[in-house]
Structures are given as structure tokens and as C-alpha cells.
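Taking it in order: structure first as C-alpha cells, then the write-up.
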């Protein structure tokens, strides 16, 4: 009889430890880190289609679970950060090419383009029309563009991204 009691006493702590590990893993996935599979070629050559990346969800603040809003925000994205945000109910990965108050320089000669630092980013006529009224990136917004300009649907198409909608930063590929 005492052997069975010892066996039960050993199983209960193991089950308790297993439950604690599962709960902590779920909380870490919701609030701290997430593995995301890249879908599409808009971030090539930096990130490839089907590649897994690690996202730091605490890079900019604490995100409300299952939303794209912050409970507390302590930092804003910086230029060149590769960020994750919700667009059209899909998680989207793009690079921040300009943050709030950054001056925007447009060209509309034979082709349309946007100059960010020394880099010329090509624009279609409709993309130019959408952005040309802005001389700077608006407050609490970023210009998020894919590295593969020819295939990326990004801020050139849907406009600036609100900083409060950025839920994480890609930290490892």
C-alpha cells in the first residue's frame, strides 16, 4: 500500500510541473515571442517565402492578446526595423523605411519615385497620387515597405502604418 502512495505522490508534482510549463509557454507565445512563417516574396532577399522568423512582441510594448493594439507602449519602431503588423486581417511583415516627421521627397519626372535618404523607391502613378500630398511621415505613423519593391504591397499602396498597430519586431531569421 505504501508503494502506491509514493507513486501517486511522484506523479502529482510531475503533472503540476507539466501544467505550469504549458501555461508559461502559452503566455510567452501570446505576450513575449512568436514564431511566424513568412508567406510571399515581398521581403526577399532579406526574408524568403516559407521561412520561419522569431518575433519579439515586447520590442515596443505589451500587446493586447488577439488584437493589434498596445496595453502599454514604451518604444516606437526605428528606421530599418523589420516589423509585424495587422493589415486586412492578416499579419504583415515589412521594413520601416521612414518614421514620424521624416521628410519625404517625391519625383515625378519620366517615372515616379520616393527618395528616402539616398535610396530611390519606385512608385506607380497611383502610389504617387496616394502619398504625394505628404511632405513628412505623419505623427505616430511609419512608412513600411517590403524589400522587394516590385512584388510588395505596402505603405505605397495602403498608406502609412499606425505605430499602435505594430505588434512586434523580427529579431531572428
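Could you count how many residues in region 150-165 are part of a helix (DSSP H, G or I), touching a residue at least 40 places away in the same chain (Cβ under 8 Å), surrounded by fewer than 20 Cβ atoms within 10 Å (Cβ to Cβ) and more than 14 Å from the chain's Cα centre (by Cα)?
Of the residues in that region, 1 qualify.
Would you pick out the residues in region 120-149 that are free of Cβ contacts under 8 Å to residues at least 12 places away in the same chain and either outside any helix (DSSP H, G or I) or in contact with a strand residue (DSSP E or B) (Cβ under 8 Å, 6 or more places away or on another chain) (or both)?
Selection gives 133 alone.
Has region 49-64 got at least one residue that is under 19 Å from residue 171 (Cβ atoms) and modelled with pLDDT under 85?
Yes, because at least one residue in region 49-64 is under 19 Å from residue 171 (Cβ atoms) and modelled with pLDDT under 85.
Taking residue 43 and the conditions (1) assigned by TED's automatic domain parsing to the domain that holds residue 139; (2) surrounded by 11 or more Cβ atoms within 10 Å (Cβ to Cβ); (3) more than 14 Å from the chain's Cα centre (by Cα), which numbered condition does it fall short on, given that it satisfies the others?
Failed condition: (3).
Check whether at least one residue in region 79-91 is more than 20 Å from residue 56 (Cα to Cα) and at pLDDT 95 or above, and report yes or no.
no
Regarding region 90-102, can at least one residue be identified that is assigned by TED's automatic domain parsing to the domain that holds residue 131, within 15 Å of the chain's Cα centre (by Cα), part of a loop (DSSP other than H, G, I, E, B) and within 22 Å of residue 172 (Cβ to Cβ)?
No: region 90-102 contains no residue that is assigned by TED's automatic domain parsing to the domain that holds residue 131, within 15 Å of the chain's Cα centre (by Cα), part of a loop (DSSP other than H, G, I, E, B) and within 22 Å of residue 172 (Cβ to Cβ).
For region 73-98, how many residues meet the condition of being in contact with a helix residue (DSSP H, G or I) (Cβ under 8 Å, 6 or more places away or on another chain) and under 15 Å from residue 55 (Cβ atoms)?
Going through region 73-98 one residue at a time, the tally reaches 4.
So which residues in region 99-124 are farther than 14 Å from residue 149 by Cα, out of contact with any helix residue (DSSP H, G or I) (no Cβ under 8 Å at 6 or more places or on another chain) and at pLDDT below 95?
Matches in region 99-124: 107, 109, 110, 111, 117, 118.
As an exercise: evaluate residue 65 against (1) part of a loop (DSSP other than H, G, I, E, B); (2) surrounded by 15 or more Cβ atoms within 10 Å (Cβ to Cβ) and give the number of the one condition it does not meet.
All conditions are met except number (2).
The values are calculated or read from the model by the stated rules, or taken from the named source; none is laboratory data. What you see is a predicted model; the values in this text were computed from it and never measured. All Cβ positions, even for glycine, are placed from backbone atoms using ideal geometry, and neighbour counts span all protein chains on display.
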